[in-house]
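Novice: Here's a structure for you.
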Amino acid sequence: MTHLRGVRTTGLPVLHSPADQAAVPPDRPAGQHWGRRVARDRLKIEIETPRLRLRTPLDRDVEDIVYLANDVEIARNTTGVPHPYSIHHGAAFIAMVNLTDPDVDLPLLVEHKRLGPAGMVGLHRRDEPWSEIGYWLGRNFWGQGIATEAAGALLDWAYRIRGDRVVSSGHFADNLASGRVLDKLGFLYTGEIRQRRSHARRDPTATRMMIRLL
Ligand SMILES: CC(C)(COP(=O)(O)OP(=O)(O)OC[C@H]1O[C@@H](n2cnc3c(N)ncnc32)[C@H](O)[C@@H]1OP(=O)(O)O)[C@@H](O)C(=O)NCCC(=O)NCCS
């Protein structure tokens, strides 16, 4: 895919060598933190594209995240973004990032090289043994191909560095822009419709599931 040309990844996490796997307690419940070493590995993840840098969000990013995320259209179209989005939500989000296993939850800040923080993209294990990709951008960044560039780079990273072979996603049926992003990235509709909740819609919403082999 041409839009992935020029993607550079650095700071390879070291979670996949046999020695590392042996170091992980076999009975660790999914999502429980892996301790300081893994927190450090998370900090090493940096994915670069021509316009963007994807990196772990830090305490100092809370105000930017709140500014970008506090938009009812973002809450309406995602399953995890509350509305209104307060500084407490932002701080709790960063605390969560530091505690979870990056193989289960890997949210990355999308930083525009010229304009600063733009939104989030992430890989999250939910219902399946593979990850789902999700993303949102602050409104000023919509309509410039940024979601496609960020998500494409993360998928490329997941394939090359983490060894992921399948990634799924889902978009609310009325969110055509997100469906288009996934289509541009090569995702296909599975035909399955799940009912999912957002913080800004009263009822569960039809969610069109998509999948891509990397
Ligand atoms: C969805 C979202 C991430 C898209 O980000 P973006 O950077 O504008 O996406 P891109 O520019 O990479 O691609 C958007 C595509 O959708 C198209 N599009 C935009 N609005 C559309 C609409 N109402 N109907 C159909 N297509 C639409 C654009 O034309 C573009 O396609 P193109 O490149 O073929 O012209 C952004 O709007 C957003 O953050 N929305 C709120 C949160 C959200 O929906 N997250 C996704 C949850 S599944």
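Novice: Anything in the stretch 40-81 that is small (Gly, Ala, Ser) and within 17 Å of Phe141 (Cα to Cα)? List them, or say none.
Specialist: Residues satisfying the conditions are Ala69, Ala75.
Novice: If you go through the stretch 77-98 one residue at a time, do you hit one that is within 13 Å of the ligand (Cβ to nearest atom), outside any loop (DSSP other than H, G, I, E, B) and in contact with a helix residue (DSSP H, G or I) (Cβ under 9 Å, 6 or more places away or on another chain)?
Specialist: Yes; the residues of the stretch 77-98 include at least one that is within 13 Å of the ligand (Cβ to nearest atom), outside any loop (DSSP other than H, G, I, E, B) and in contact with a helix residue (DSSP H, G or I) (Cβ under 9 Å, 6 or more places away or on another chain).
Novice: Can you work out which of the residues in the stretch 116-140 that are in a loop (DSSP other than H, G, I, E, B) and away from the ligand (no atom under 13 Å from the Cβ) is surrounded by the fewest Cβ atoms within 10 Å (Cβ to Cβ)?
Specialist: Per the criteria, the residue is Pro129.
Novice: When residues of the stretch 53-91 are filtered for being surrounded by fewer than 20 Cβ atoms within 10 Å (Cβ to Cβ), within 24 Å of Leu176 (Cβ to Cβ) and at pLDDT 95 or above, how many remain?
Specialist: Total meeting the criteria: 8.
Novice: Can I ask one more? Evaluate the following for Pro102: is it crowded, with 18+ Cβ neighbours inside 10 Å and more than 26 Å from Ala177 (Cβ to Cβ)?
Specialist: Yes, satisfied.
Novice: When the residues of the stretch 16-43 are narrowed to those that are surrounded by fewer than 18 Cβ atoms within 10 Å (Cβ to Cβ) and under 16 Å from the mean Cα position of the chain (by Cα), which ends up modelled with the lowest pLDDT?
Specialist: Gly31
Novice: Further question: Which pairs have Cβ atoms under 7 Å, sit 6 or more apart or on different chains, and link a residue in the stretch 144-155 that is under 12 Å from Gly134 (Cβ atoms) to one that is near the ligand (Cβ under 8 Å from one of its atoms) and at pLDDT 95 or above?
Specialist: Ala147/Tyr135; Ala147/Leu137; Ala147/Val181; Ala150/Tyr135; Ala151/Tyr135; Ala151/Val181
Novice: Among the listed residues Gly143, Gly138, identify the single one that is small (Gly, Ala, Ser), at pLDDT 95 or above and out of contact with any strand residue (DSSP E or B) (no Cβ under 6 Å at 6 or more places or on another chain).
Specialist: Step by step, each of Gly143, Gly138 is checked, and only Gly143 is small (Gly, Ala, Ser), at pLDDT 95 or above and out of contact with any strand residue (DSSP E or B) (no Cβ under 6 Å at 6 or more places or on another chain).
Novice: (1) in a strand (DSSP E or B); (2) surrounded by 14 or more Cβ atoms within 10 Å (Cβ to Cβ): which one isn't true of Gly191, the others all being true?
Specialist: Here Gly191 clears every test but (2).
Novice: Let me ask you something else. Being hydrophobic (A, V, I, L, M, F, W, C), surrounded by fewer than 18 Cβ atoms within 10 Å (Cβ to Cβ) and not in a helix (DSSP H, G or I) is the filter here; which residues of the stretch 141-167 pass it?
Specialist: Trp142, Val166
The values are calculated or read from the model by the stated rules, or taken from the named source; none is laboratory data. What you see is a predicted model; the values in this text were computed from it and never measured. Note that we place each Cβ from the backbone using ideal geometry, even for glycine, and neighbour counts take in every protein chain shown.
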